[in-house]
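The values are calculated or read from the model by the stated rules, or taken from the named source; none is laboratory data. Everything numeric in this text was worked out from a predicted model, so none of it was measured. Positions of Cβ are backbone-derived with ideal geometry, glycine not excepted, and every protein chain shown enters the neighbour counts. For accessibility, only protein heavy atoms count, side chains too; no ligands or nucleic acids. Shrake-Rupley method; radii C 1.70, N 1.55, O 1.52, S 1.80 Å.
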Amino acid sequence: MPAISYLEALRQAMREEMERDENVFVLGEDVGVKGGVFTATKGLYEQFGELRALDTPLSESAIVGVAIGAAMYGMKPIAEMQYSDFMLPATNQIISEAAKIRYRSNNDWNCPVVIRAPIGGGVFGGLYHSQCPESVFFGTPGLKIVAPYSPYDVKGLLKAAVRDPDPVLFFENKKCYNMISGEVPEGDYTVPIGKANVLREGDDITVIGYSLPLFFAMEAAKELAEEGISAHILDLRTLQPLDREAILEAVRRTGKVLIVHEDNKTGGVGAEVAALIAEELLYELDAPIMRLCGPDVPAMPINPPGEKFFMLNKDKLKEAMRRLALY
Amino acid sequence: MKTVTEIILPQLAESLVEATISQWLKQPGDHIEKYEPICDLITDKVNAELPSTVSGKLVKILVGNGETVPVGTAICLVETDEVSAETATGAPGGGQAGDGAAAQAKAAGESMRGRYSPAVQYLAAEHGIDLRQVTGTGMGGRITRKDVLAYIAASGAESKPDGQEGKERQASSGQDANRTNTGSVVAIDEVKVPVRSSGLHLSETPKIPTVEVQGQSVPGPGEYFIDVTPVRNTIASRMRQSVSEIPHAWTMIEADVTNLVILRNKLKDEFRKREGINLTYLAFMMKAVVNAIKDYPIMNSVWAVNKIIVKREINLSMSVGTEDSVLTPVIKNADQKNIAGLAREIDDLARRTREGKLNLSDMQGGTFTVNNTGSFGSILSKPIINYPQAAILTFESIVKRPVVINDMIAVRSMVNICLSLDHRILDGVICGRFLQRVKDNLESYDLDTKLY
C-alpha cells in the first residue's frame, strides 16, 4: 500500500467517487479552476469539467443551500466550506434544513449532502482560519459528523459520507493535510460511519479523541511507553453518532480516561463523552474523568506565543497522560 | 523551610537564542515579589524588563551587567519559602486537564490512602479483598485499580495470567447493570481492528498551505494553448481596469502635414548622419502634442474621485509594441526637449523596449500617452487610456489624399489624429480645442522649423 498524505487521500476519495457515480459533484469557493485553496479538489475541474467542479460565489449559505437542493433532487453534492470558520453563515441551511428534511417529510425526502470543512489551528491562521466548530453542530440530531485523523480514514470515511443517504459534515483538519501521511489502499473501500477505532492498545490509561490531537497523543504514548506507562488510544472518527460501545469498552479497559480535542473544553464533544462514561461506567472508574482541550477563550490568537498556548501539543498531552497514569 | 530557586533567562521571542543583561534592578539581599522586574534585558528584537517568576530574597546574581548568555541559563538565585518553591518547581500546567484533582492529590500526601475509586471497590468486593492489605502506588498512596489487579494476581488464590484475568473481568462486568453492552463487548473483542502505523513525521514544520498552480487541461483538436506570460497578465489587468473604471469617449481630427513631410524629407539624411538616429515623424508629432498640452494643462491630469489632479510635469508615455506585448516607456519632462531631443529619446526608449532593457524608472510617471499607430498602417484607431491618465492620442498613417483647398482640389499628405478621453475629466469642447491646437501645431511646421 502506498503512503499518501491526508490531503491526497481526500483528493483520491473525491475523484474515485466522481468516477464511480456521475451524480457526485463538488461545489464551493475556488474548488474548480483553482482546485481549492488547499488544493483538495485539484484536478477535478480538468477531469470532470466545470459543471462537476463548480466555482461558486462567496456565499456559504448559497453553497449549502444549492447542495441541499441538489441532494434532495437526487444528486450527490460535496460542498466545500473553504474554512470551517466560514461555515457559520450556512448554519441555518445545515441545522434547519439539511438535518430536518427526512424527519419533516416523514421519510418522503432525504438529503445525501456532504459538507466538507477544514477545522483547526496551528497554521498561523488567527481568529478566522483556525476554529473548530464541531460543538456548534454536535448536538443536532439528523446530522452525521465525522472528523478523521488518519489518511486511511479520510478516504474511507469520505467515500462512506458520499454514499450515505443523509447529510454528513466532514471535518478535516487542515494542519493534518500535509503533516500526516499514511498507508492508504488504492481503489475502493469505505470506513463505516459511527465506528471508532483503537489506534493503540494499552492498559494504564485510555485516551479518547479525534482529529489532530491524536497525533500528539500517539507521539506522547510512544515516549511514555519508555517510562512504563502504556496508553490505550481510541480514535472516535465519527462524532455523531458516537460509538458508545467502543468508548465504554476503551474506558473499561483501564478505568482512567483522558478525553482530548482542540475545540474548547466547555460544551465540547468531550463533555458528551465524559457524560456518557459517567452514566454507564461509574463503578469501573479508577480516576476522575479528565479532559484536555483548547482553552475557553474566544478565538485562536494570531500571535505565535498565543497560538502555541492555545494549541495542544505532544508535551501537553504527555503531561496530562502521565498525571492520569500516576493518579 | 527556605529553598533556593534559580531564575532562568526565558525565551522572550520565538527565534531568540540569547540575551544581554543591561542592568540589574535588584541587588543581593533585596526582597522581590513575583512578577516584579528584576533586571533589564537587551535582545536582537526587544529590550525588556525581566519579571521574577517567584517571590523571595535575591541571594546571588550569577550573570552580571553587560553579559550575554543563552536562553535557559540561570541568571540569579532567589531564596524562597517552601510553598512558593513547590509552585515554582511544579510541573508546567498541561492545558486545562483536571488541574484540581491532581493538585488535590498532591497536597493530600498520604491522605489518598483511604480513598477508593469505584473500580477499586468493585474489584475488591468481587474478589473478597481486604484493601488494607494492598499497597497503594497512586498519588497520595492511593490504591489504584492496577494495584488491586496486581494483588489478585500475586495472591495466588486466582493465579491466572493477567490477560485472562482482564477478560474474565470484562465478561463479568458485562453481565452487570449495563446489560445492553454484553453483546458489544464480545463483538469488539472479535473485530479487533489492526493498529495501523502511519509514517508520521514531526521534522517538517507545517506551513500555511500554499496554492499550487493548476496544470493545464488538454486542448481540444481545433485549438492550442499559449501560456499567459506575466507581462501579458499585467497588460490584461491594466486594460480591464482602464476600460471598466474610465468612461471612455473618442474623437478624431484630420491634419494636413504636407509641409511636415517636405521638412522631414529635407532634414532626415543629414540628421541621420549627424545624430546617428532616424528623424521620425513621431518626434514632430510629440512636440506638437506637448505644446498643445502646455496650452490645455487639464489634458495632463488624473481623476481622483473628489478632485482632479493636474500634473505640472509633462511626461509622455509612448506606446511601443513588441512581438508579444505593448509597453509604455516614459519620456520625462517632454516639454523641456526640442525635436531632436525627443527623436533621441524615442529612439532610445523604442530600442531598449524591443531589447527588453527597460528599467522600472523608464516605465513610471507618465502623464499622457502617445501612440504611433500609423507605424503599422492604421488610419483610424480607438485606443484604451493608459490608466490612470486622462487621455491617449494616436497618430495614424500619413496618406496622400485629394483635399479641397480654396475650392480647388489638391493632393496633400493627410493624417488622422485620434483621441480617447476620460469623460469624467474632459468634455468635447476642451478636447476639440486641444486637438485643434495639435492640428495647428502640426500644420505650422515649415522649412524654417528648427530641430534644435
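What's the average, rounded to a whole number, of partner chain beta-carbon atoms within 10 Å of each residue's beta-carbon in A:277-285? Please list the in-between numbers first.
Numbers: counts 0, 0, 1, 4, 6, 5, 11, 11, 6.
The mean count of partner-chain Cβ atoms within 10 Å per residue comes to 5.
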Which listed pairs, of A:Lys42/A:Lys195; A:Lys308/B:Lys2; A:Lys42/A:Lys265; B:Lys2/B:Lys146, have C-alpha distances above 32 Å, in listed order: A:Lys308/B:Lys2; A:Lys42/A:Lys265; B:Lys2/B:Lys146
Accessible area buried between chains A and B, both sides summed, probe 1.4 Å, in Å² to nearest 100: 4800
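For peptide A:316-324, how many partner chain Cβ atoms fall within 10 Å of a residue's Cβ, on average? Display every interim value, and only then the final one.
On the way: counts 6, 3, 1, 6, 8, 2, 2, 10, 4.
Shielding by partners across A:316-324 averages 5.
So for chain A: antiparallel DSSP bridges make up what percent, rounded to the nearest 5?
Details: 8 of 42 bridges.
That works out to approximately 20 percent antiparallel.
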Burial ranking of peptide ranges A:242-254, B:403-415 (average Cβ count within 10 Å, highest at the top): A:242-254, B:403-415
Segment A:Leu282-A:Arg104, length gained on full extension (0.36 nm per residue, minus Cα span): 60.3 nm
Rounded to 10°, Cα long-axis angle of helix A:213-226 versus longest principal axis of chain A: 30
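Quick one: length gained pulling B:Arg272 to B:Ala150 fully straight, 0.36 nm per residue minus the C-alpha distance? The partial results should precede the final answer.
Values: separation 122, 0.36 × 122 = 43.92 nm, distance 10.75 nm.
Gain on stretching B:Arg272 to B:Ala150: 33.2 nm.
Average partner chain C-beta neighbours within 10 Å, per residue of B:118-126? The partial results should precede the final answer.
On the way: counts 7, 11, 3, 1, 6, 4, 0, 1, 0.
Per-residue shielding by partner chains comes out at 4.
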The stretch A:1-60 versus the stretch A:269-327: alpha-carbon centroid distance in Å: 35
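In terms of the Cα gyration tensor, with a ≥ b ≥ c the square roots of its eigenvalues, is the protein assembly as shown rounded because a/c is under 1.5, prolate because a/b exceeds b/c, or oblate? Before the final figure, lay out the partial values.
Numbers: a/c = 3.88, a/b = 2.06, b/c = 1.88.
It comes out prolate by the Cα gyration axes.
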Between 0 and 90°, nearest 10: helix A:269-281 axis offset from chain A longest Cα axis: 50
For the stretch B:321-451: rounded, prolate or oblate by the Cα gyration tensor [a/c cutoff 1.5]: prolate
Inter-part distance where the stretch B:23-45 and the stretch A:98-147 are each reduced to a Cα centre, Å: 51
In sequence order, calculated HN-Hα J values of the stretch B:34-41 (Karplus, 6.51, -1.76, 1.60; Hz; x Gly/Pro): 4, 6, 7, x, 10, 7, 9, 10
Percent of beta bridges antiparallel (DSSP, the protein assembly as shown, rounded to nearest 5): 60
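Sorted by average packing, counted as other Cβ atoms within 10 angstrom per residue and highest first, what order do B:122-130, B:50-58 take? Don't jump to the answer; show the numbers that get you there.
Working: B:122-130: 15.7, B:50-58: 19.1.
Ranked by mean Cβ neighbours within 10 Å, highest first: B:50-58, B:122-130.
Which value, in Å², gives the accessible area per residue of chain A when a 1.4 Å probe is used on the protein heavy atoms?
Counting only protein heavy atoms, the per-residue value for chain A is 34 Å².
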Loop GluC sites (Glu not before Pro), the stretch B:223-301, which have at most 14 other Cβ atoms in a 10 Å radius of their Cβ (DSSP): B:Glu223
Computed helical MRE - 222 nm, the protein assembly as shown, DSSP H runs ≥ 4 contributing -39500 (n - 2.57), nearest 500: -10000 deg cm²/dmol
Angle between chain A longest axis and helix A:6-20 axis [Cα atoms, degrees, rounded to 10]: 40
